[in-house]
Amino acid sequence: MLHAESHPCLTIKAWNGRLMIIFLDICLRAYLNSARDAGSDPGVEVTNAALAARSMCAWFDAVERGGRYLSQSEAASIFKFGMTFLKSYSRLGIQSVLSGSRRWKYLPKLHVFLHLCEDMLQSKQNCRHHHCFRDEDHIGLLKRLACRVHKGPLFEFRILTRWLLRLQSWQKE
C-alpha cells in the first residue's frame, strides 16, 4: 500500500486488482457477519465498503460470463452492478470528506467506468472485447520514461521515441 496525496491507495492493476477485490469482498463479508453475530453494528462505512466490493465482484463476473454481444438482461445486470458500485463508492467518498478522513478518494477512473457501463447498456457490446487494461496507467508510464531519459534539448523527443518502442514491443506479444 502506498500513500498518494495523503490518501492510502492500493497500487494493483488489471487482473491482480480483480483478485484483490474478491479477497476484500470475502474479508468484508466475514467481518460483517462476525460483527452482526456478536450483536454489534458494523457501521455505515464497512457496510458501504462491503456493498462496493460485492457489486464490483458481481460486475466483473457478469462481464466475464457475457459474450461479445450482450442480451438485454445481461446488459441491464452489468449496468445495475456498476451503478450499485458507483453509488456505494460515492457514499464512501462523501462520508470521508464530511468526517475529515482521507480513506475514500474520488478517482477519474470512476467517470470512465460510468460511461463504460452506460455504453454496454446502450450498445449491448461487452467491454471485455474492446476495453484494454494495458494503457491503464499511461501517465505513470510517461512519468517513468521521463525520469529515465537524458535531460536536454531533445527531452520530449526521447520520451516519445521510448514510448513508441514500448508500443512496438506490445505488438509482438
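None of the figures in this text is laboratory data; all of them are computed from the coordinates on show. Given the structure is predicted, the values throughout are model-derived calculations rather than measurements. Because the Cβ atoms are built from the backbone with ideal geometry, glycine has one as well, and the counts that use them run over all protein chains shown.
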### Message
Quick check on the exposure proxy: order 167, 28 from fewest to most C-beta atoms within 10 angstrom.
### Response
167, 28
### Message
Helix 14-37 against the longest principal axis of the chain: what's the angle in degrees, Cα atoms only, rounded to the nearest 10?
### Response
20
### Task
Starting from the Cα gyration tensor of the chain, take the square roots of the eigenvalues, sort them a ≥ b ≥ c, and report rounded, prolate or oblate (rounded when a/c is under 1.5, otherwise prolate if a/b is larger than b/c, else oblate).
oblate
### Task
Would you work out which of 161, 99, 51 lies farthest towards the positive end of the dipole of the chain? Charges go on Cβ: Lys and Arg +1, Asp and Glu -1.
161
#### Entry: In degrees, nearest ten, helix 155-171 long axis to first principal axis of the chain (Cα)
70
#### Entry: Contour excess over end-to-end distance, with Cα ends at residue 97 and residue 141 and 0.36 nm allotted per residue
12.8 nm
### Query
Among rounded, prolate and oblate, which fits region 76-137 when a ≥ b ≥ c are the square roots of the eigenvalues of its C-alpha gyration tensor, a/c under 1.5 means rounded, and a/b larger than b/c means prolate?
oblate
### Query
Dipole size in debye (nearest 20) for the chain around its Cα centre, Lys and Arg Cβ +1, Asp and Glu Cβ -1?
580
### Message
Going by amide H atoms built from the backbone, whose H comes under 5 Å of the H on residue 70, apart from near neighbours?
### Response
125, 126
### Query
Expressed as an acute angle from 0 to 90° and rounded to the nearest 10, what is the orientation of the C-alpha long axis of helix 138-148 relative to the principal long axis of the chain?
40
### Task
Run the numbers on the chain and let me know its relative contact order in percent, using alpha-carbon pairs under 8 Å that are six or more apart.
20
#### Entry: Burial order of peptide ranges 55-62, 145-152 (average beta-carbon count within 10 Å, highest first)
55-62, 145-152
### Task
Sort 40-48, 70-78 for me by packing, meaning the mean count of neighbouring Cβ atoms within 10 Å per residue, highest on top.
70-78, 40-48
### Pairs from 87/124; 80/105; 80/143; 105/151 whose Cα-Cα separation, in the structure shown, is over 29 Å
80/143; 105/151
### Task
Pop the C-beta distance of residue 20 and residue 71 into the FRET formula with R0 = 45 Å and round what comes out to the nearest 0.05.
0.90
### Summary
Plugging the Cβ-Cβ distance of residue 169 and residue 149 into 1/(1 + (r/R0)^6) at R0 = 22 Å yields, to the nearest 0.05, a FRET efficiency of 0.85
### Query
Under the rule of -39500 (n - 2.57) per DSSP H run of 4 or more residues, summed and divided by the residues of the chain, what mean residue ellipticity at 222 nm is obtained, to the nearest 500 deg cm²/dmol?
-23500 deg cm²/dmol
